[in-house]
Amino acid sequence: MRSIVILIEKLNGGGAERSAGELSMILDALGYNVTLITLLDDIAYPFSGDLINLGKNTTKVSRLGIKFQKYISLQRAISKGNYQLILDFRLKENPYREALLNYLVLKTKAINMIRSYHVKWYLSGPAFFSKYLYRNYVGINTVSVKIQEHIEHRYGFKNVKTIYSPVHLNEIKKQAAEDAVFLDRYVIALGRLDANKQFDKLLDAYNNSVLHKDGIKLYILGNDPQCDSIKVLLLEKIKAYNLEDKVQVLPFAKNPFLYMKHALFLILSSKNEGLPRVLIEALACGTPVIAFNCDSGPSEIISHEKNGLLVENQNFVALTKALNRLYTDKVLYEQCKQHCDFTLDKFSTDTIGKQWKHYIDGILG
């Protein structure tokens, strides 16, 4: 049985982490021997296979000492496991750390799992250095065609393959169907309260729209203790606009699909993405979406005016108009709602599983 490692910082907090857990379940079902290795003790998302949590038993030493301990533990775990392939989900912003890991630790065949259009998070240093540093990686996996084209053009890599992140559509629909009562009529945005999501500018667009004047509320799910400073600024802006009774900033929900299911539509206002799962998840819940046509992902999920609206990238005036249009144009809204599943088959676990099996078996020969 072929043994595969999924290497990631943690299994909580974002789309990449959720995708890693779901990919472990797909590979396990396909008959691979799967092990997840996490660097931090933060496990929330479901997964399959064995788990090696390198952050769980870290001794109380200096921060540098903790990192050194983890690298030694990682090297031992990989050597002991005799794995055939590593799917490396880690962020790789530090070129010196990557040089150390690639030459002393990650000697097994590996695939660089790039989950965002901001590829500098995954390819350390300038292009020529990245080409040298990652020359022994047997492949680069991306979650959108635009990311693949960007990497091929900028870095000249030839071993780039796009396979979309798997989404358990049936499980989402099952959780979305649970009993719940929502008294408000609302639209929704989800994600960490970081600068990339631009929730403060989304608030401007909402304030300039007809939504709040008609009593349609805005729910923002993404409260995170690590983003308290951004939350404070967002709450101050809500107060300045006198929208305290119209806008709710809520923590991540155990079942966010209930919130998606009962929303009028979902809004994505990011600067950039990889493959924004929230769009797929909202559509699986039967909820239309509005998104900037940012790099990357939305244009590979949304069929404009069929299951949602694509908005000119970073044009917040156009975003306000899109909010108004999808709310007031009842014919358009019903058309989008009826066709929510129009593009979803290509993200199903069955489709993605077949692609991964073909990809891995081709690499391992």
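The values are calculated or read from the model by the stated rules, or taken from the named source; none is laboratory data. Everything numeric here is computed off the predicted structure, so don't read it as measured data. A quick note on method: Cβ atoms are made from the backbone with ideal geometry, for glycine too, and the neighbour counts reach across all protein chains shown. Note: areas computed on protein heavy atoms with side chains; ligands, DNA, RNA excluded. Shrake-Rupley method; radii C 1.70, N 1.55, O 1.52, S 1.80 Å.
Quick notes on this structure:
- Index of the failed condition, H212 passing every other in (1) closer than 25 Å to Q335 by Cα; (2) at pLDDT below 95; (3) open to solvent by 70 Å² or more (accessible area, probe 1.4 Å); (4) not acidic (D, E): (3)
- Filter result for A177 (closer than 16 Å to L23 by Cβ and over 19 Å from the mean Cα position of the chain (by Cα)): no
- From the options D179, D224, residue that is modelled with pLDDT of 90 or more and among the acidic types (D, E): D179
- Out of L202, L233, L193, L218, one residue alone is assigned to a helix (DSSP H, G or I), open to solvent by less than 50 Å² (accessible area, probe 1.4 Å) and within 22 Å of Q314 (Cα to Cα). It is L202.
- Set L100, L74, L85: member being farther than 27 Å from L275 by Cα and crowded, with 17+ Cβ neighbours inside 10 Å: L74
- Residue selected from the stretch 144-171 under the condition part of a loop (DSSP other than H, G, I, E, B) and in contact with a strand residue (DSSP E or B) (Cβ under 7 Å, 6 or more places away or on another chain), by the criterion surrounded by the most Cβ atoms within 10 Å (Cβ to Cβ): S144
- Qualifying residue in the stretch 234-244 (condition: of a type in the set (D, E), touching a helix residue (DSSP H, G or I) at 6+ places or on another chain (Cβ under 8 Å) and free of Cβ contacts under 8 Å to residues at least 24 places away in the same chain): yes
- Residue within the stretch 271-288 that is touching a helix residue (DSSP H, G or I) at 6+ places or on another chain (Cβ under 6 Å), open to solvent by 20 Å² or more (accessible area, probe 1.4 Å) and not charged (D, E, K, R) present: no
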